[in-house]
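Quick note: the coordinates plus some simple rules give every number you see, no bench work behind them. Predicted model only: the values in this text are computed from it and were never measured. Backbone-built Cβ (ideal geometry, glycine too); neighbour counts: all protein chains shown.
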Amino acid sequence: MAVLTIKDLHVSVEGKEILKGVNLEVKGGEIHAIMGPNGTGKSTLSSAIMGHPKYEVTQGSITLDGQNVLEMEVDERARAGLFLAMQYPSEISGVTNADFLRAAINARLGEGNEISLMKFIRKLDEKMAFLEMNPDMAHRYLNEGFSGGEKKRNEILQLMMLEPKIAILDEIDSGLDIDALKIVAKGINEMRSSEFGCLIITHYQRLLNYITPDYVHVMMQGRIVKSGGPELAQRLEAEGYDWIKKELGIEDETVEQEA
Amino acid sequence: MTTETKIPFDQQYVRAFSSGRGEPDWLLQLRLQALAKAEELPLPNPDKTKIDKWNFTQFANHVVESAPYASLDELPEPVKALIEAGEETKNLYVQRDHTPAYLSLSDDLRAKGVIFTDIFTAAREHGELLQKYLMKDGVKVDEHRLTALHAALLNGGVFVYVPKNVEVNVPLQAVYIQENDDIALFNHVIVVAEDNSRVIYVENYISTKETSRAVVNIVAEVFANTNARVFFAAVDNLAKGVTTYVNRRGIAARDGRIEWALGLMSDGDTVSENITRLIGDGSFGDTKTVVVSRGEQVQNFTTSVVHYGKHTEGYILKHGVVRDSATSIFNGIGKIEHGASKSNAQQESRVLMLSEKARGDANPILLIDEDDVMAGHAASVGRVDPIQLYYLMSRGIPRHEAERLIIHGFLAPVVEAIPIESVKKQLIEVIERKVQS
């Protein structure tokens, strides 16, 4: 069973400290939700875990099954079992979705163990059908000209094709209408197993109506300030964040202008 | 050191050469007039590249005789790779330096009146037709020294003629092999699509050996007459020692369409000029060019679409990868003449720099002399986008492979447009080699 362990994580962007000591453990089989208003460091956490070039870890540790994630290149992190569904996926012209996915799968399997074309196509067809995606999307250039909803769905397609141990979903629900949201949730629920851990970053409670988290954390000022079960998300939905700020004596919850 | 500019071949030589090929008198006269002009006209002046020290005029041999190929089995391996295997009829011309070495044209196309033959046979057998198009309304003899020299010393090429209402839906393929050192190829290609006709022409220039010094001077003239459609694809892959001047020109009449897909992969110093003139109302020009420059080569690529007719549409797309210490200048010119109302001129130039020493320059220019038009351009010069790299790597793809995917994707607009699978495959391989090695 996979374990992602984050200890006392401090992260800076362009010299400004955004995360100020995050502690979190996500195990296979668990779904965690990190909630919080804009600008509290949620996306920074996901980017730092994956190794975005702009984010600098200044203190603390991230390990996956005891291995030091911070010493790995971005691609090594992915091959070790991490996956980040991005808030703003890149568009890559001239590279088809299918070619990209096959390259990604084969990078994991390693030379000599490549997936057969038939097996790949079967799996791709099946996952695309599950996510109610138009089969043409496989042959379109990666994310190019995709609508916001199509991009998010495409992130979930990659998740299902690559089958990581631990997935981080960064605002996968932003910009989705309710039908698309349900499909995205369906994909994530399909992945649920004792072998799969998931960290959902969101500032809306509505996604959690479709994916019940095991743990809910609230982030403010670059730290996790409160943790609880699914009932915490419901209370946040009903009452907002002010009661937490009051309880903890926080006036301004932000640390940054989140991109 | 001064550069020798005197033309090494005289009137007497040109007369003897022309008569040796059994050329009609008009062609001899064209050559002689051109030769006189070649002495006095200046070199072309490609924007931002100095070419006065380049060797366009000095070479030991104007013509080498090579043996024709009795069958496709005799083709050199890299040329074989360009030809579609299989039983389907091939419409293929292969030229070995200056020698027409192989030709096949299907009976079907022959019966429909399609002409696909080497330029000398065309001069002898279709003289009047050739005279109508050869360096008249397309590229003019007196544009500069290299067009004049080209006409004077023309020593290879093909003539493609598609009669009215004939649609040729299979590609006509021409392969020009450069295999001898210290030679000059003055290759002339004419593609004529008569009213309502349609043709797909694909050409490859390929060096089969290392070359220390050679000169290649190419002129292609493409005519899409009323409502005709021409698709012209080229992959140029000449060796490092070859200095190339290549001028590909299109003339579109009313509702005519010309589409270019040019993969310019030569390793030598190159001046490339690709101009499409949209004469007729409603005509359409689309030009896609991809380039990989490496080593120390210096290249200049000018692409232009000139709008004369009303409701004309012109699109320019240029993507260049520059590595090592190579220099590549990309000039894109969209020009709308007075009276070409409701026209649309769009262009996009992007240059990807893979090393510190590489030099690349994208110069988009819009010249507009009419009010009621649309026009736009986008240009960028930069490195591989680190955020795109991060995205691909975050799926487990190693950095090197991620870069490779991005570069191939960047060059895909022309690769995807190539209508012959074997040529497409070869272009992908050439790109792979040029980008990786």
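With the contact rule set at Cα under 8 Å and sequence spacing of 6 or more, what percent relative contact order holds for chain B?
11
What angle do you read, to the nearest 10 degrees and between 0 and 90, between the alpha-carbon axis of helix A:148-162 and the longest principal axis of chain A?
Once rounded, the angle reads 70 degrees.
Using the per-residue mean of other Cβ atoms lying within 10 Å as a proxy for protection, in what order, highest first, do the peptides A:85-97, A:115-127 fall?
A:85-97, A:115-127
Sort B:193-204, B:396-407, B:34-45 for me by packing, meaning the mean count of neighbouring Cβ atoms within 10 Å per residue, highest on top.
Top to bottom by mean Cβ count within 10 Å: B:193-204, B:396-407, B:34-45.
Evaluated at 25 °C with a viscosity of 0.890 mPa s, what Stokes-Einstein diffusion coefficient in µm²/s does chain B have when Rh comes from the Kirkwood expression over alpha-carbon pairs?
Answer from the Stokes-Einstein relation: 111 µm²/s.
Rg to Rh ratio, the protein assembly as shown, alpha-carbon atoms and Kirkwood radius?
1.08
Please check: in the Gaussian network model of chain B (C-alpha springs, under 10 Å), which one of B:G256, B:G268, B:G20 has the largest mean-square fluctuation.
Of the options given, B:G20 has the highest mean-square fluctuation.
On alpha carbon coordinates alone, what is the Rg over Rh value for region B:385-436, Rh being the Kirkwood radius?
Across region B:385-436, the Cα-based Rg/Rh ratio is 1.05.
Using R₀ = 41 Å, calculate the FRET efficiency as 1/(1 + (r/R₀)^6) where r is the Cβ-Cβ separation of A:D177 and B:D52; round to 0.05.
Working from the Cβ atoms, E equals 0.05.
Sticking with the crude label model, points 7 Å out along Cα→Cβ, report the distance from B:K140 to A:E76 in nm, one decimal please.
For B:K140 paired with A:E76, the spin-label model returns 6.5 nm.
Taking only DSSP H segments of four or more residues, each worth -39500 (n - 2.57), what value at 222 nm results for chain B once the sum is divided by all its residues, to the nearest 500 deg cm²/dmol?
So the helix-based figure for chain B works out to -6500 deg cm²/dmol.
For region A:156-259, which GluC sites (Glu not before Pro) are in a loop by DSSP, counting at most 16 other Cβ atoms within 10 Å?
Loop-located and lightly packed - A:E195, A:E251.
Please state the shape class of chain A: rounded when a/c is under 1.5, otherwise prolate if a/b exceeds b/c and oblate if not, all from the C-alpha gyration tensor.
Verdict is prolate for chain A.
Can you compute the helix-only [θ] at 222 nm over chain A? Use -39500 (n - 2.57) per DSSP H run of at least 4 residues, normalise by all residues, nearest 500 deg cm²/dmol.
Value at 222 nm, helices only: -10500 deg cm²/dmol.
Okay, which of region A:163-183 sit inside 15 Å, backbone N to the point 7 Å along the Cα-Cβ direction of A:E132?
Residues A:176-183 fall inside that zone.
Filter B:K37/B:K136; A:K123/B:K80; B:K112/B:K335; A:K119/B:K90 down to the pairs with a C-alpha to C-alpha distance above 27 Å, please.
A:K123/B:K80; B:K112/B:K335; A:K119/B:K90
As an exercise, use a Förster radius of 56 Å and the Cβ-Cβ distance of B:E125 and A:N38 to find the FRET efficiency, rounded to the nearest 0.05.
0.15
Given Cα pairs under 8 Å that are at least 6 residues apart, what percent is the relative contact order of chain A?
Normalised by residue count, the contact order of chain A is 30 percent.
Hey, with R₀ at 22 Å, roughly what FRET efficiency would B:S212 and B:E39 work out to, going by the Cβ-Cβ distance, to 0.05?
For B:S212 and B:E39, the calculated efficiency is 0.25.
Over all residues in A:93-106, what is the mean tally of Cβ atoms on other chains that come within 10 Å of each residue's Cβ?
Mean partner shielding for this stretch: 5.
What's the average, rounded to a whole number, of partner chain beta-carbon atoms within 10 Å of each residue's beta-carbon in B:404-413?
Mean shielding by partner chains, rounded to a whole number: 4.
Angle between the Cα long axis of helix A:230-239 and the longest principal axis of chain A, 0 to 90 degrees, nearest 10?
For helix A:230-239, the angle is close to 60 degrees.
Quick one: angle between helix A:117-130 and the longest Cα principal axis of chain A, in degrees between 0 and 90, rounded to 10, please.
50
Taking the Cα-to-Cβ direction at B:L366 and at A:K246 and moving 7 Å from each Cα, how far apart do the two end points lie in nm?
5.7
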